[in-house]
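Scroll down for the structure; my scribbles are underneath it.
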Amino acid sequence: MEEAESKLSDRVQMRGTVRIGAVESLAAYFISKSLKAFKEQNPDLRIQLESGLCPNLKDGVLESHYDLAVVLDEEVKHPHLKALLLRKERMVMVAAKEHPLVGEKGIDLRCIEDETLILTEKDCSYRNMLERLLKKRAVEPRSVISFTSLEAIKQCVIDELGIAMLPEMTVARELENGSLCALDFDHGELALYIQIIHHHKKWLSPSLEKFIELLYEKK
């Protein structure tokens, strides 16, 4: 019905409700500026933004709870989802500036056996990816601390409680001011992508197309 009204109208009005899902890191560090511009351009549009984990966001799109979702995950391949790739996001292993591994070249995975890993909650895409890699190489960290909050994870690393692997955009400020340092920990298997997903049969309204356009400008 919305598609028919849009095509019959001489002037498309950006009204109604747009329901967007996003992982926490992207909601806080990637889409906020695009969302602000979108709201300013479309004051009559009602925007609902919810954060969640990638599996829940995918289910939400499939069940039409979200019009679209912005995820940070391995390349999404699903028969009923269309994925629009925005960019590859670099993952960085961070530590406090006084940590003994800071400045070391080519840190081996085995070094993690002597470390405390500070991880995000279970089912987080980058936690899953790191745990798979460690299991594949038969590496087990000395201990694990888990938080749902990115800010809590960063503060614990700053306080020298352990090390953490996070998307680079979430620690850019701390790396710049020196409160955190990036370790020379680069493994090709640790690759995640910022993607927009929507149901493959979903009609994209002019408002959704405009929001997607703003996200592409952001990348």
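Only the coordinates and a few stated rules stand behind these numbers; no lab work does. All values derive from a computational prediction rather than experimental measurement. Backbone-built Cβ (ideal geometry, glycine too); neighbour counts: all protein chains shown.
Points worth noting:
- Residues of type lysines that LYS210 reaches as a straight line, Cα spacing below 18 Å, ignoring anything fewer than 8 places off in the same chain: LYS7, LYS33, LYS36, LYS39, LYS82, LYS202, LYS218, LYS219
- Fraction of antiparallel bridges per DSSP, the range 10-151 only, in percent to nearest 5: 5
- For the range 91-154, the relative contact order is 38 percent, taking Cα pairs closer than 8 Å that sit 6 or more residues apart in sequence and dividing their mean separation by the residue count.
- Across the range 79-219, C-alpha contacts under 8 Å between residues 6 or more apart give a mean separation that, scaled by the residue count, equals a relative contact order of 45 percent.
- The length gained on full extension between LYS77 and LYS135, counted as 0.36 nm times the residue separation minus their Cα-Cα distance, comes to 18.5 nm.
- Neighbour-limited loop hits for chymotrypsin sites (Phe, Trp or Tyr not before Pro), the range 163-219 (at most 14 other Cβ within 10 Å; DSSP other than H, G, I, E, B): TRP203
- Residue range of the chain that is longest and free of GluC sites (Glu not before Pro) which are both DSSP loop and sparsely packed (at most 13 other C-beta within 10 Å): 1-62
- Between LEU49 and GLU176, the distance separating the two model label sites (each 7 Å from Cα on the Cα→Cβ line) works out to 1.9 nm.
- Cα gyration tensor category, rounded, prolate or oblate, for the range 82-183 with a/c compared to 1.5: rounded
- CD proxy at 222 nm, helix term only [per DSSP H run n ≥ 4: -39500 (n - 2.57); per residue of the chain; nearest 500]: -10000 deg cm²/dmol
- Distance cut-off 21 Å, percentage of C-alpha pairs in the range 18-125 lying past it: 51
- Listed values (1) 69, 45, 27; (2) 65, 37, 25; (3) 64, 62, 32, entry calculated as Cα extents along the principal axes in Å: (2)
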